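*Asks:* Can you read through this structure? Questions will come right after.
The values are calculated or read from the model by the stated rules, or taken from the named source; none is laboratory data. As the structure is a computational prediction, the values presented were derived from the model and not from experiment. Every residue, glycine among them, receives a Cβ derived from its backbone with ideal geometry; neighbour counts consider all protein chains shown.
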């Protein structure tokens, strides 16, 4: 409802403004301007009147200094037109050349500054960075643990690959056995029909093809089973070799660990021996100091007795 009232108010104001413009354009001055000019009259020579301004009368809304209501433009409407756009002045090429020269100067100064910065950085050695990650100072025990973990991950990956290969081969063997079983049933059916009442030439060709495929499958199955058996033996052999190598490696690690423990025990015994020696020397020094103190007290007591 408020929007409807505002729209009606704007329409009334617009109609009122249009009526004022019609009244202004059809006033007595404009009507007098349309009348034909009167014949010239003879006027006696008198003093000349003061000169009037030669400027033409200004159109309503044409004065730029006059304050306008919000929403109105110099052209007199509520929307901007091309007459309200600023008019270009001066030489375009001169302004463009001056601006382009200033931009080129800024670009050149930026390039020189960048080149100077890079040159200073190269000469001062600021860009000598570590492009690779330095090795962390891990201990021997940590490096050994990393090696064991890497070996475990490698063995797990190999086991997954072997299981995947076994699954693929078993699936292929199962599919071919199922197809061979279906072909066998068809072959038995054709052979039974041939024995009962005979078969056609097409069925005879199919029977011969099924027999050839059965023989080929039997040969392939025999070779495949043999290959799988050899593959399993080879894997078992590899596992035994890896277990042997792992046992030797564990034995070597255990030997190194015992040697390290023995070395640590030896060093600890030497440190304990050095601590015991230092403790004895400290006790000896304290005893000597105590003896010197007692000797000094005796001499002082002897001197007091001699003085008394």
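*Asks:* Mind telling me which of the residues 166, 194 ends up being surrounded by 11 or more Cβ atoms within 10 Å (Cβ to Cβ) and closer than 30 Å to residue 148 by Cβ?
*Replies:* When all the criteria are applied, what remains is 166.
*Asks:* If a residue has to be modelled with pLDDT of 85 or more and touching a helix residue (DSSP H, G or I) at 6+ places or on another chain (Cβ under 8 Å) to count, how many in region 119-147 make the cut?
*Replies:* 1
*Asks:* Still on this structure, I have one more. Would you point out which residue out of 150, 172, 161, 155 is surrounded by 10 or more Cβ atoms within 10 Å (Cβ to Cβ), in a helix (DSSP H, G or I), at pLDDT 90 or above and within 31 Å of the chain's Cα centre (by Cα)? Can you show your working first?
*Replies:* Numbers: 172 fails: within 31 Å of the chain's Cα centre (by Cα); 161 fails: within 31 Å of the chain's Cα centre (by Cα); 155 fails: within 31 Å of the chain's Cα centre (by Cα).
Step by step, each of 150, 172, 161, 155 is checked, and only 150 is surrounded by 10 or more Cβ atoms within 10 Å (Cβ to Cβ), in a helix (DSSP H, G or I), at pLDDT 90 or above and within 31 Å of the chain's Cα centre (by Cα).
*Asks:* Another question, then. Suppose we filter 274, 243, 262, 247 for residues that are modelled with pLDDT of 90 or more, assigned to a helix (DSSP H, G or I), surrounded by 10 or more Cβ atoms within 10 Å (Cβ to Cβ) and more than 53 Å from the chain's Cα centre (by Cα); which single one remains? I'd like the intermediate steps shown before the answer.
*Replies:* Numbers: 243 fails: more than 53 Å from the chain's Cα centre (by Cα); 262 fails: more than 53 Å from the chain's Cα centre (by Cα); 247 fails: more than 53 Å from the chain's Cα centre (by Cα).
Selected residue: 274, the only one of 274, 243, 262, 247 that is modelled with pLDDT of 90 or more, assigned to a helix (DSSP H, G or I), surrounded by 10 or more Cβ atoms within 10 Å (Cβ to Cβ) and more than 53 Å from the chain's Cα centre (by Cα).
*Asks:* When you scan region 217-231, do you find a residue that is surrounded by 10 or more Cβ atoms within 10 Å (Cβ to Cβ), under 30 Å from residue 166 (Cα atoms) and touching a helix residue (DSSP H, G or I) at 6+ places or on another chain (Cβ under 6 Å), even just one?
*Replies:* Yes, region 217-231 contains a residue that is surrounded by 10 or more Cβ atoms within 10 Å (Cβ to Cβ), under 30 Å from residue 166 (Cα atoms) and touching a helix residue (DSSP H, G or I) at 6+ places or on another chain (Cβ under 6 Å).
*Asks:* Identify the single condition in (1) within 44 Å of the chain's Cα centre (by Cα); (2) free of Cβ contacts under 8 Å to residues at least 60 places away in the same chain; (3) assigned to a helix (DSSP H, G or I) that residue 136 does not satisfy, given that it satisfies every other one.
*Replies:* (3)
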